[in-house]
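The values are calculated or read from the model by the stated rules, or taken from the named source; none is laboratory data. The structure displayed is predicted, hence computed values, not measured ones. Heads up, the Cβs are rebuilt from the backbone with ideal geometry, glycines too, and the neighbour counts pull from every protein chain shown. With ligands, DNA and RNA removed, areas are computed over all heavy atoms of the protein, side chains included. Shrake-Rupley method; radii C 1.70, N 1.55, O 1.52, S 1.80 Å.
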Amino acid sequence: TDKTFITKTMSSTSKQSSAQPKWQKATASLSLALMGGAIALGGNYLFSSSRIEAGTLNSSSTQEFQTSQLPQNNAPSVVNPANSSTNFVTNVVNNVGPAVVRINASRTVTANVPRAFKDPAFRNFFGSGIPTRPNQQVQRGTGSGFIVSSDGLILTNAHVLEGADRVTVTLKDGRTIEGTVMGTDRLTDLAVVKVAEEGLPAVRFGNSESLQIGEWAIAIGNPLGLDNTVTTGIISATGRNSAQIGAGDKRIDFIQTDAAINPGNSGGPLLNAKGEVIGINTAIIKNAQGLGFAIPINSARDIAEQLIAKGKVEHPFLGIRMAQISPELKTQLKNRFNFTTTENKGIFLINVVANSPAARAGLRRGDIVKAIDQQKVDAPKELLKVVEQKKVGEVVELEVIRQDKPLKLNVEVGVLPNS
């Protein structure tokens, strides 16, 4: 949602193997139609940029820093609405506001000047009527962030920093400090920035796993260049997966809120009534009202820890594309490919990526996954959730149905390739 970088549409599809039976070869042409609610564990998500206002991400250069991990923030809450003699929103803003910052990102781009404009004969003929353009231009964008430790660690969105070659941080007291990007992760849209400053005010973390629909939500940020803007609302929903909001290339679920979020709010905190951070404001759906989305802080903290320690995040990877078994899917498979199955529940494998962990384990296109590590799964998002909790190198057991016969296969979780 930062207001200057260009939104791009990204989608990826897996190449189909030519050494498969006819119905399997034809599956490639139907894969998008089959996807429906499917999610690709290999990062092969669908992304509709016409729906969502969020920047497309390119990883900024990262450095590894020897630094302490994020603080646990076990101190008691600073605000208790029940005992407060003033408006609880005011209390939250007064206590948390100083820890919210403006992120200023700039990048230098080279403008392509047509060769004809540089031709002396051409310029002599047209004179001053020829437009002149500089060879380089500086593009600037702003977003929000918040300080998570007194020694200058700041969380924000990755798309706020997209392509930036210089980052500065403006504090609420007016100071502007040079920032260093410690790491970005495009798949979760998270980034960590470090400023060389001590004794800074820091936020407290809440527990995004315990959120209740209908509880208060407070957003603080710098929308449209209007610094220190506060909006309020409620938690409208939790567990919104990326495909539901049109950001299928992201590997994270979102909190939904009706607290107003606008371009420039990206990276700012979403707070509860106690003044604890419960999410990072990230995206809105274009042309919609009251539909804002935030990354749950529990997930954000896990990603931030890896960015601080390594400058990057290793995402678990199996290498499969999936669709949920349904009557409509079974009908399509029967009519178009003469493929039948007696299974009414499970996850149909549309494709297995070549040389992926799934392929090495023996999984095939057309297999139907019924369980992972003895846990039944009926939808792609359920399988994805289990895999996301695994560490690279762990082995998971998949129970599958192949040509109506049960089969168990062990898959060693790999690392999602950068591509």
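A few points about this structure:
- Close pairs (8 angstrom Cβ cut-off, 6 or more residues apart or separate chains): within 18 Å of Ala158 (Cα to Cα) in the stretch 285-298, among the charged types (D, E, K, R) and open to solvent by less than 20 Å² (accessible area, probe 1.4 Å) anywhere: Ile295/Asp189
- Of the numbered criteria (1) part of a loop (DSSP other than H, G, I, E, B); (2) more than 29 Å from the chain's Cα centre (by Cα), the one Asn418 fails is (2).
- Only listed residue being buried (at least 21 other Cβ atoms within 10 Å of the Cβ) and in contact with a Gly (Cβ under 6 Å, 6 or more places away or on another chain), chosen from Ile235, Ile303, Ile297, Ile245: Ile297
- Residue in the stretch 373-380 that is within 12 Å of Leu318 (Cα to Cα), β-branched (Val, Ile, Thr) and either within 27 Å of the chain's Cα centre (by Cα) or assigned to a loop (DSSP other than H, G, I, E, B) (or both) present: no
- Selected residue (criterion: least open to solvent (accessible area, probe 1.4 Å)) from residues of the stretch 381-412 that are assigned to a loop (DSSP other than H, G, I, E, B) and farther than 30 Å from Ala300 by Cβ: Asp404
Results for (1) farther than 16 Å from Val148 by Cβ; (2) outside any loop (DSSP other than H, G, I, E, B), shown as yes or no for each residue.
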site: Glu197; (1), (2): no, no
site: Ile220; (1), (2): no, yes
site: Val230; (1), (2): yes, yes
site: Ala237; (1), (2): yes, yes
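- Hits in the stretch 333-358 (condition: open to solvent by 20 Å² or more (accessible area, probe 1.4 Å) and either modelled with pLDDT of 95 or more or under 12 Å from Arg321 (Cβ atoms) (or both)): Val352, Val353
- Selection status of Ala196, of a type in the set (Gly, Ala, Ser) and surrounded by 15 or more Cβ atoms within 10 Å (Cβ to Cβ): no
- Checked against the criterion of being open to solvent by less than 40 Å² (accessible area, probe 1.4 Å), in contact with a Gly (Cβ under 7 Å, 6 or more places away or on another chain), among the polar types (S, T, N, Q) and within 20 Å of Phe88 (Cβ to Cβ), the stretch 164-184 contains not a single residue that satisfies it.
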